[in-house]
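Where a number appears in this text, it was derived from the coordinates with a stated rule and is not lab data. Predicted model only: the values in this text are computed from it and were never measured. Note: ideal-geometry Cβ built from the backbone for every residue, glycine included; neighbour counts use all protein chains shown.
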């Protein structure tokens, strides 16, 4: 079976060049061949720029603690692709992934499905076969033409929207919001986070056009402790609580919501993974996420004791990611993120220097991580950010036996 698992991963990786198919016909046709497995269970559908994963984690935990069998589909992953497809916090088994991949290939042949589309179909089938009670589905890119938009949800959630993926979604907040609002369905209630005025206008118009009741979730609603760190998580938790409350007509009753919120975990988001020195991981990969991280650092970490290790993707606003963090750290170490999409560390460094940072450039992200982890003082902090791939690299490093640990 190990050979089959290896072949499965090789096949999935071969689909990556086909990714970013912003159209629904291929995934819709594939789902029809399998009798639309995504319709076999109710779903909550989530779109937005930041906070989708955290909001999904809060919803998942509330429903699990209430006794339901919950499927969760998110992206991207930190270490293993199996993280993307979970049932009650258990990632899909490698053997099940291999079997479903083989079945899909046998039924569809070499289709035009891209990487994300293929995994979306795997998730739909896995959830159907495992007879889940409800699925929590996070969009991958945008919403209107995202592969997940073949679901028919019982509740739609829009998390905070900001500039990101402008190449695919539009250059203005209004254009991006319109793409995200493409998941809003006729007659299905929508929960939204507090948004900028131009975004809120788009959401209101989309809900009016679709006859979707709009519920505004505010961070002030959440006054209890949370399992996820950062003041911004109150907004995500509020979206989750409102979304679950709207499930009541479908027969889902939430229990012990406060206990669920405090027990929620979501890896790679303001996550302290090691101490002495402290190592803080955060998957901030756009300016809005970076500003949230900067706010947290300013409140909890001394600048003179904090070093930033950053690797971003070339298609991102690297200057916008770097800028908010410069005033919160004493030094910035720029590396190439472990991805073919990596931005040049020299470009990152140029952006950081333009804002007055003390900068070091290293090509090898793993080597830089090892050096910093071993040389920083016990009372200092290393912050790893810029992309999910950087956080994944750090997760692997600190979960493996190391010399001198």
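Numbers at a glance
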| item | result |
| --- | --- |
| Taking N as its residue count, the alpha carbon Rg of the stretch 271-399 over 2.2 N^0.38 Å | 0.91 |
| Which of 205, 9 has the fewest Cβ neighbours within 10 Å, and the rest in rising order | 205, 9 |
| Mean residue ellipticity (222 nm) of the chain, computed from DSSP H runs ≥ 4 via -39,500 (n - 2.57), nearest 500 | -12500 deg cm²/dmol |
| Counting DSSP beta bridges with both ends in the stretch 271-399, the antiparallel % (nearest 5) | 20 percent |
| Order of 127, 313 - criterion: other Cβ atoms within 10 Å of each residue's Cβ, fewest first | 313, 127 |
| Selected from 66, 389, 75 as most flexible by GNM, with the chain as the system and alpha-carbon contacts under 10 Å | 66 |
| Contact order relative to length of the chain, as percent, for alpha carbon pairs under 8 angstrom and 6 or more apart | 16 percent |
| Computed lengthening from residue 327 to residue 341, 0.36 nm per intervening residue step minus Cα-Cα distance | 2.3 nm |
| Residue-span extension gain [residue 353 to residue 88] - 0.36 nm each, minus C-alpha spacing | 90.9 nm |
| Pairwise label distance in nanometres, residue 304 with residue 7, each label 7 Å out on the Cα-Cβ vector | 6.1 nm |
| Inter-label distance, nm, simple model (7 Å from Cα along the C-beta direction), residue 378/residue 295 | 3.4 nm |
| Computed over the stretch 153-223, the ratio Rg/Rh where both radii use C-alpha atoms and Rh is Kirkwood | 0.97 |
| Alpha carbon centroid spacing (whole Å) that separates the stretch 258-299 from the stretch 123-164 | 24 Å |
| Highest-first arrangement of 38-46, 377-385, where packing means the average Cβ count within 10 Å | 38-46, 377-385 |
